[in-house]
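Step one of this worksheet: look at the structure below.
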């Protein structure tokens, strides 16, 4: 049996693979994986702003979209894994679907709606993953304007 | 010169047209229009859950997506018009982009993130439009399960 901490590390790695895939597509390197209460990957995705000219396909949104239409019950007990602290939009999407566990790689680059998630009773965990951070810092150094656009700055 | 109240009614009608378009496509009849500070329609859209099998294309999200990639400055002073009180996801999307004015048709069917928007300094206006309400009630009576799915129930 894996511990919850081991499980979280495993799924963060899947999110990081998605982020790397995004980077390899010349996209913003943020990845996410939505995992059901029983450990099944419902959807995996990455930020598609640059690839698809999208204003809404952040990593977490892409994971939700890849998961497709699901009954509300499918999200209960699910965990959203993201390489980066989820912004207000992605936070709101988690709240809409009652995804009350959010695990992310880092929040040194950006702090999203963590306080709001906690205020609504969600569990929020920062794994302080240096690789997630380094990948974002590399991208931002290369393309600061694209990053600013992604967070509405 | 039109008053702000007249302008708001005009753009709510555009959102309602979008909602009706959605209904005519056998979709969930919620429409939205994003309007810039100088009164230009940046994007108009409607809920696409049933049409596109989407978990994220609520009316407001579709309007944002139709507006496409924009610099953060384009959203400043903008108003999001929706036929229905925006859910937490759509509320979060407005917060992400600094859309600090939200006008909607009704909140008798559903109350979204109005308090959160106000707490962040946004202006929130309910136009109490009976046609928006009646259209939603008609849809919900016809397809209650699809509506529940759309709000994560």
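No value in this document is a laboratory result; all are computed from the given coordinates. Small disclaimer: the values here were computed from a predicted structure and weren't measured. Neighbour counts run over all protein chains shown; Cβ positions are idealised from the backbone, glycine included.
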* To do: Be a star and scan the range B:100-126 for residues whose amide nitrogen sits under 19 Å from the point 7 Å along the Cα-to-Cβ vector of residue B:134.
  => B:105-110
* Structure fact -> Dividing the mean separation of Cα pairs under 8 Å (6+ apart) by the residue count of the range B:4-151 yields a relative contact order in percent of 19 percent
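Only counting other Cβ atoms within 10 Å, I'd like A:101, B:118 sorted with the fewest neighbours first. Don't skip to the end; give the middle numbers.
Numbers: A:101 19, B:118 12.
Starting with the residue having the fewest Cβ neighbours, the order is B:118, A:101.
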* the range B:72-125 to the range B:136-153: how many Å between their Cα centroids? -> 21 Å
* Asked: Considering the rotational relationship between chains A and B, which residue of chain A contributes the beta-carbon of minimal distance to the axis, and what is that distance to the nearest Å?
  -> A:92, 1
* To do: Report the antiparallel proportion of the DSSP beta bridges in the protein assembly as shown as a percent, rounded to a multiple of 5.
  => 55 percent
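Go ahead and run the numbers for FRET between residue A:69 and residue B:120, Cβ-Cβ distance against an R0 of 30 Å, rounding to 0.05. Write out the running numbers ahead of the final one.
Values: r = 30 Å, r/R0 = 1.00.
That pair, residue A:69 with residue B:120, gives E of 0.50.
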* To do: Would you calculate a helix-derived [θ] at 222 nm for the protein assembly as shown, using -39,500 (n - 2.57) for each DSSP H run of n ≥ 4 and dividing by the full residue count, to the nearest 500?
  => -13500 deg cm²/dmol
* Place the label 7 angstrom along Cα→C-beta at residue B:72 and in each other copy, then list the distances from the first to the rest in nm, shortest first. => 3.5
* Segment residue A:9-residue A:127, extension gain: residue separation times 0.36 nm, minus the distance between their alpha carbons -> 41.7 nm
* Quick one: helix B:4-24 against the long Cα principal axis of chain B, what's the angle to the nearest 10°, folded into 0 to 90? -> 30 degrees
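Rank the residues B:33, A:153 as a footprinting-exposure proxy: fewest other Cβ atoms within 10 Å of their Cβ go first. Present the calculation step by step, with values, prior to reporting the outcome.
Numbers: B:33 30, A:153 13.
So the ranking, lowest neighbour count to highest, is A:153, B:33.
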* Put a point 7 Å out from Cα along the line to Cβ at residue B:5; what are the distances to that point in the other copies, in nm, shortest first? -> 6.2
* Structure fact -> Taking a ≥ b ≥ c as the square roots of the Cα gyration tensor eigenvalues, with a/c under 1.5 meaning rounded and otherwise prolate when a/b beats b/c or oblate if not, the range B:44-136 comes out oblate
* Structure fact -> Between the modelled labels at residue A:40 and residue B:17 (7 Å from Cα along Cα→Cβ) the distance in nm is 4.4 nm
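Per-residue Cβ counts within 10 Å, from other chains only, averaged over B:143-151: what number is that? Provide the component values of the computation, followed by the final result.
On the way: counts 0, 0, 1, 1, 0, 2, 6, 3, 3.
So the per-residue partner count for this stretch is 2.
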* To do: Could you work out the mean count of beta carbons from other protein chains within 10 Å of each residue's beta carbon in B:84-92?
  => 6
* Structure fact -> Most exposed to least, judged by fewest other Cβ atoms within 10 Å, B:134, A:150 sort to B:134, A:150
* Structure fact -> To the nearest 10 degrees, the tilt of helix B:130-142 (Cα long axis) against the first principal axis of the alpha carbons of chain B is 30 degrees
